[in-house]
Amino acid sequence: MQIVLLGPPGSGKGTQAKILARQLGVPHISTGDLFRQHLHEGTPLGVAARRYLDAGTLVPDDVTESMVRARIQEPDARVGFILDGFPRNLSQAQHFETILSDLERALSVVIYLAVQRHTLMMRLTGRRVCPQCGALYHVQFNPPLTQGLCNVCGAQLAQRPDDREDTVATRLSVYDAETKPLIDFYRQRGLLQEIDGELPVDAVTQSIGGALAMSHD
Ligand code: AP5
């Protein structure tokens, strides 16, 4: 399965990608996580990406595209992948078609998680992440068992710097201007499956399972 998860910031792409990756045995490839990893390690790519992540704008296409081209050729991704956060504009989507055709591969399905703006704002500003193992929480919808500590590894939870209200507003505007057109792009190619991302996490997972089964037929 070669799956793209499409949706606005906070729609649940990361949450669902982690579950699907376990269920399907394919890697979860998040361009946001890859950039944050580079940033953490202080690589030249991380240094170059920092100002875009901090501002909530897109990292330049050439940097992002070559990072994805390299990642999907790693051994674990030969059986498939779940892409979360890429492509993010028309140019990336067109370039991605070239990458896949160069590698003689094809997308199975694009899952679009539809969520309303006021829900996104609540989800993003209340999100907490574990800096050690990457587990995701929400102060209201999915709180940790012990306040402020990760259930999995016990590390102190943190807020992503770009989850503060002003940066969230920029990210949502960038989504509307740059990423939303991909809904029609993939609909026209017969690849899009729209899922109600407002539902609870388990119900969203179930709907995605149904959509994946349909895309196999
Ligand atoms: P990235 O890390 O990709 O951020 P994003 O797309 O803005 O998405 P998020 O990770 O914020 O949200 P999500 O949809 O994964 O939601 P989640 O599951 O966490 O990108 C960050 C930055 O990197 C960009 O701004 C850009 O600078 C750069 N970048 C990345 N990709 C790029 C690209 N292709 N090109 C250029 N630049 C790029 O859920 C959110 C919260 O809601 C959590 O707290 C969760 O617990 C909760 N939640 C999830 N589902 C539900 C549910 N069903 N019900 C209730 N709560 C829920």
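Got at least one residue in region 153-161 being assigned to a loop (DSSP other than H, G, I, E, B), hydrophobic (A, V, I, L, M, F, W, C) and under 24 Å from Leu83 (Cα atoms)? Taking every residue of region 153-161 in turn, none turns out to be assigned to a loop (DSSP other than H, G, I, E, B), hydrophobic (A, V, I, L, M, F, W, C) and under 24 Å from Leu83 (Cα atoms).
So which residues in region 71-84 are at pLDDT 95 or above and of a type outside the set (Asp, Glu), if there are any at all? Talk me through it step by step, then tell me what you get.
Looking only at region 71-84, we keep the residues that are at pLDDT 95 or above, and these are 71-77, 80-84.
Matches in region 71-84: Arg71, Ile72, Gln73, Pro75, Ala77, Gly80, Phe81, Ile82, Leu83.
So, Asp33, is that one near the ligand (Cβ under 8 Å from one of its atoms), open to solvent by 50 Å² or more (accessible area, probe 1.4 Å) and touching a residue at least 24 places away in the same chain (Cβ under 8 Å) or not?
Numbers: near the ligand (Cβ under 8 Å from one of its atoms): yes; open to solvent by 50 Å² or more (accessible area, probe 1.4 Å): yes; touching a residue at least 24 places away in the same chain (Cβ under 8 Å): yes.
Yes, satisfied.
Give Arg171, Arg88, Arg123 a once-over and let me know the one that is assigned to a loop (DSSP other than H, G, I, E, B), surrounded by 15 or more Cβ atoms within 10 Å (Cβ to Cβ) and within 11 Å of the ligand (Cβ to nearest atom). Selected residue: Arg88, the only one of Arg171, Arg88, Arg123 that is assigned to a loop (DSSP other than H, G, I, E, B), surrounded by 15 or more Cβ atoms within 10 Å (Cβ to Cβ) and within 11 Å of the ligand (Cβ to nearest atom).
State which residue is most open to solvent (accessible area, probe 1.4 Å) when the search covers only region 187-199 and only residues that are on the phi < 0 side of the Ramachandran plot and more than 14 Å from the ligand (Cβ to nearest atom). Step through it out loud before you land on a result.
So the first thing to find is which residues in region 187-199 are on the phi < 0 side of the Ramachandran plot, and the list is 187-189, 191-199.
Of the ones still in play, those that are also more than 14 Å from the ligand (Cβ to nearest atom) are 187-189, 191-194.
On the way: Arg187: 119, Gln188: 149, Arg189: 105, Leu191: 39, Leu192: 32, Gln193: 45, Glu194: 109 Å².
Checking each candidate, the answer is Gln188.
Selection within region 36-62: residues that are surrounded by 15 or more Cβ atoms within 10 Å (Cβ to Cβ), of a type in the set (A, V, I, L, M) and more than 8 Å from the ligand (Cβ to nearest atom). The member of this set that is nearest to the chain's Cα centre (by Cα) is Leu39.
Suppose the filter is outside any strand (DSSP E or B), open to solvent by 50 Å² or more (accessible area, probe 1.4 Å), modelled with pLDDT under 95 and within 9 Å of the ligand (Cβ to nearest atom); does Gln132 pass it? No: the conditions fail for Gln132.
Please state which one of Asp184, Asp176, Asp166, Asp202 is surrounded by fewer than 19 Cβ atoms within 10 Å (Cβ to Cβ), in a helix (DSSP H, G or I) and under 17 Å from the mean Cα position of the chain (by Cα).
One residue alone meets the criteria, Asp176.
Taking (1) without any contact (Cβ under 8 Å) to a residue 24 or more places away in the chain; (2) under 26 Å from Ser91 (Cβ atoms) in turn, Thr167 satisfies each apart from (1).
Annotation note: of Glu74, Glu97, Glu104, the sole residue that is at positive phi, open to solvent by 10 Å² or more (accessible area, probe 1.4 Å) and not aromatic (Phe, Trp, Tyr) is Glu104.
The values are calculated or read from the model by the stated rules, or taken from the named source; none is laboratory data. Everything numeric here is computed off the predicted structure, so don't read it as measured data. As a convention, Cβ positions derive from the backbone with ideal geometry for all residues, glycine included, and neighbour counts pool all protein chains shown. Note: accessible area is taken over every heavy atom of the protein model, side chains too, but ligands, DNA and RNA are not part of it. Shrake-Rupley method; radii C 1.70, N 1.55, O 1.52, S 1.80 Å.
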